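Enquirer: Handing you this structure, nothing more for now.
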Amino acid sequence: MYLEAFPPELQEYYRRLFGKEAEILMEKLREPVEKYYIRVNTLKTSRSRLMNILRKEGLKPKRSPHLKEGIYFEREGPNFPDDYAPGLPVVRANKFAAESVYQGAMLYAPGVLQAERRIKPGDEVEIRDPRGLLVGVGRARMSAKEMIVSTRGIAVEVTLPKFRLPSLSELESFKKGLFYAQSLPSMVVARLLEPSEEELIVDMAAAPGGKTSHIAQLMENRGEIIALDKSRNRLKKMEEELKRLGVKNVRLIHMDSRKLPELGIEADKILLDAPCTALGIRPKLWEGRTPKDIEATARYQRHFINAAIKSLRKGGVLVYSTCTLSYEENEANVRYMLKKGLKLEEQSIFIGSEGIGIEGVQRFYPHRHLTQGFFIAKLVKAS
């Protein structure tokens, strides 16, 4: 059933790039991550203290063997087979809501697309995505009509999701800013940047703030980080997130980071978590991207790369990362940077796999590393 999530041309692309591993890769992309990670906010607490708090909140946290600020929770499921057909009244959810239910979240009214007219509060229902995939079973909290017209509230209390990941946003520990939900590869990025308070640090595509706040944490809230994003709404949410986490050394700038050279700065270190096709994000109930999108996005990314190179001092470090699996957006763009005079730097934390046709870069694969699909390169501007 996993193949229905991917356009035929993307399936062929994966088979050409990954060979025999393409099938298990696509199968894993359809599922949520096996280990759901959070990052301890060491500005406010320690890992051991947070783990004790989380246990009291009813969770089962485990220590990351790779990063001392990492904690993970094990995924539950699958809770029913792919061909399970309970024969209940159907509620259809939009793609975003369906992906959330698939991982154990409640179904809220704004996420409902359709509901069988006979549904009334208390009825057991099945929840399907727009293409008919069963993502969960639950009990209606509203009538069918209320589900469609309501702009807030729980439409269906999900009792049997396909998978279950911990729900964290209502926890007191979350509200107090003791952690940030962040994937393992994404945490590795800030570690590889190795920031210090004496350096001018730039995060080029910063919102929603996960990597920025991690950099601030590693700098112990000292020095200054310049964080750019072109979306005013995303920056506003990021500002709220930094406040929750107690981060105080970030200067937010509303700006398309392709225009970074206009600031006239010479950064010591730049993080470019580039806008990408996000092919590595899990779960993929379905994927709409094609090889044409990959090629167009790779070209788009080079505008950001050029801006980063211009704004980096000689001897400065650029960490380039994406949450995608393609060659064009990853290794091919690294080759582009090498032609521009940058040199690959050794990565002090290497827990992924080598790159495709190039050494010194790090790939994370869902089927090998039980993570999101991810890519990291660390480069230095030749002096």
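Enquirer: Mind listing just one residue for me: the one in segment 66-80 that is assigned to a loop (DSSP other than H, G, I, E, B) and open to solvent by 40 Å² or more (accessible area, probe 1.4 Å) and, of those, farthest from residue 134 (Cα to Cα)?
Expert: Taking segment 66-80 and keeping what is assigned to a loop (DSSP other than H, G, I, E, B), we get 66-69, 75, 77-80.
Those left that are additionally open to solvent by 40 Å² or more (accessible area, probe 1.4 Å): 66, 68, 75, 78-79.
On the way: 66: 35, 68: 38, 75: 18, 78: 12, 79: 12 Å.
The residue in question is 68.
Enquirer: Tell me the residue from 146, 157, 172 that is acidic (Asp, Glu), at pLDDT 95 or above and more than 25 Å from residue 73 (Cα to Cα), please. Give the steps one after another, and end with the answer.
Expert: On the way: 157 fails: more than 25 Å from residue 73 (Cα to Cα); 172 fails: more than 25 Å from residue 73 (Cα to Cα).
Within the list 146, 157, 172, the selection yields 146.
Enquirer: Could you tell me whether any residue of segment 341-361 is among the charged types (D, E, K, R), closer than 18 Å to residue 305 by Cβ and touching a Lys or Arg at 6+ places or on another chain (Cβ under 6 Å)?
Expert: In the first step, residues of segment 341-361 are kept if they are among the charged types (D, E, K, R); the result is 343, 345-346, 354, 359.
With the extra rule that they be closer than 18 Å to residue 305 by Cβ, the set shrinks to 343, 345.
Checking the rest, the ones that are also touching a Lys or Arg at 6+ places or on another chain (Cβ under 6 Å) come to 345.
For segment 341-361, residues among the charged types (D, E, K, R), closer than 18 Å to residue 305 by Cβ and touching a Lys or Arg at 6+ places or on another chain (Cβ under 6 Å): present.
Enquirer: Here are some conditions: (1) out of contact with any Ser or Thr (no Cβ under 8 Å at 6 or more places or on another chain); (2) more than 30 Å from residue 82 (Cα to Cα). Residue 154 meets all but one. Which one does it not meet?
Expert: It is condition (2) that residue 154 fails.
Enquirer: Search segment 312-336 for residues being in contact with a helix residue (DSSP H, G or I) (Cβ under 7 Å, 6 or more places away or on another chain) and surrounded by fewer than 22 Cβ atoms within 10 Å (Cβ to Cβ), and hand back the single one that is farthest from residue 22 (Cα to Cα).
Expert: Checking each candidate, the answer is 336.
Enquirer: Just name the residue that is farthest from the chain's Cα centre (by Cα) out of those in segment 1-34 that are within 25 Å of residue 166 (Cα to Cα) and at pLDDT below 95.
Expert: If we take residues in segment 1-34 being within 25 Å of residue 166 (Cα to Cα) and at pLDDT below 95, then 2 is farthest from the chain's Cα centre (by Cα).
Enquirer: For segment 273-383, give me every one of the helices (runs of 4 or more DSSP H) that falls completely inside it and has 3 or more residues that are of a type in the set (Lys, Arg). Don't jump to the end; show me each part of the working.
Expert: Working: elements: 291-311, 331-339, 366-369.
Helices (runs of 4 or more DSSP H) meeting the threshold: 291-311.
Enquirer: Something else: Among the numbered criteria (1) out of contact with any Gly (no Cβ under 9 Å at 6 or more places or on another chain); (2) within 25 Å of residue 293 (Cα to Cα), which single criterion is violated by residue 98?
Expert: Exception for residue 98: condition (1).
Enquirer: If a residue must be within 16 Å of residue 108 (Cβ to Cβ), crowded, with 17+ Cβ neighbours inside 10 Å and of a type in the set (Asp, Glu), how many such residues does segment 122-175 contain?
Expert: 2
Enquirer: Out of 31, 27, which single residue is assigned to a helix (DSSP H, G or I), surrounded by 15 or more Cβ atoms within 10 Å (Cβ to Cβ) and not aliphatic (A, V, I, L, M)? Break it down into steps so the answer makes sense when it comes.
Expert: On the way: 31 fails: assigned to a helix (DSSP H, G or I).
Step by step, each of 31, 27 is checked, and only 27 is assigned to a helix (DSSP H, G or I), surrounded by 15 or more Cβ atoms within 10 Å (Cβ to Cβ) and not aliphatic (A, V, I, L, M).
Enquirer: Please pick out the residue among 83, 129, 123 that is modelled with pLDDT under 95 and either over 21 Å from the mean Cα position of the chain (by Cα) or not hydrophobic (A, V, I, L, M, F, W, C) (or both).
Expert: Working: 129 fails: modelled with pLDDT under 95; 123 fails: modelled with pLDDT under 95.
Selected residue: 83, the only one of 83, 129, 123 that is modelled with pLDDT under 95 and either over 21 Å from the mean Cα position of the chain (by Cα) or not hydrophobic (A, V, I, L, M, F, W, C) (or both).
Enquirer: Could you tell me which residue of segment 297-311 is nearest to the chain's Cα centre (by Cα), considering only residues that are of a type in the set (Gly, Ala, Ser) and either surrounded by fewer than 19 Cβ atoms within 10 Å (Cβ to Cβ) or within 15 Å of residue 203 (Cα to Cα) (or both)?
Expert: For segment 297-311, the residue satisfying everything is 308.
Enquirer: Can you run down the residue pairs with Cβ atoms below 7 Å, 6 or more apart or on separate chains, where the first is in segment 1-24 and of a type in the set (Phe, Trp, Tyr) and the partner is exposed (fewer than 15 other Cβ atoms within 10 Å of the Cβ) and assigned to a helix (DSSP H, G or I)?
Expert: none
Enquirer: Mind telling me which of the residues 44, 60 ends up being under 20 Å from residue 214 (Cα atoms), assigned to a loop (DSSP other than H, G, I, E, B) and open to solvent by 10 Å² or more (accessible area, probe 1.4 Å)?
Expert: On the way: 60 fails: under 20 Å from residue 214 (Cα atoms).
Only one candidate passes the filter, namely 44.
Enquirer: All but one of (1) under 17 Å from the mean Cα position of the chain (by Cα); (2) open to solvent by 10 Å² or more (accessible area, probe 1.4 Å) hold for residue 279; which doesn't?
Expert: Going through (1) under 17 Å from the mean Cα position of the chain (by Cα); (2) open to solvent by 10 Å² or more (accessible area, probe 1.4 Å) one by one, residue 279 breaks only (2).
The values are calculated or read from the model by the stated rules, or taken from the named source; none is laboratory data. Keep in mind that what you see is a predicted model, and the values were worked out from it rather than measured. Note that each Cβ is placed from the backbone with ideal geometry, even for glycine, and that neighbours are counted across all protein chains shown. What goes into the accessible areas is simple: the full protein's heavy atoms, side chains included, and nothing from ligands, DNA or RNA. Shrake-Rupley method; radii C 1.70, N 1.55, O 1.52, S 1.80 Å.
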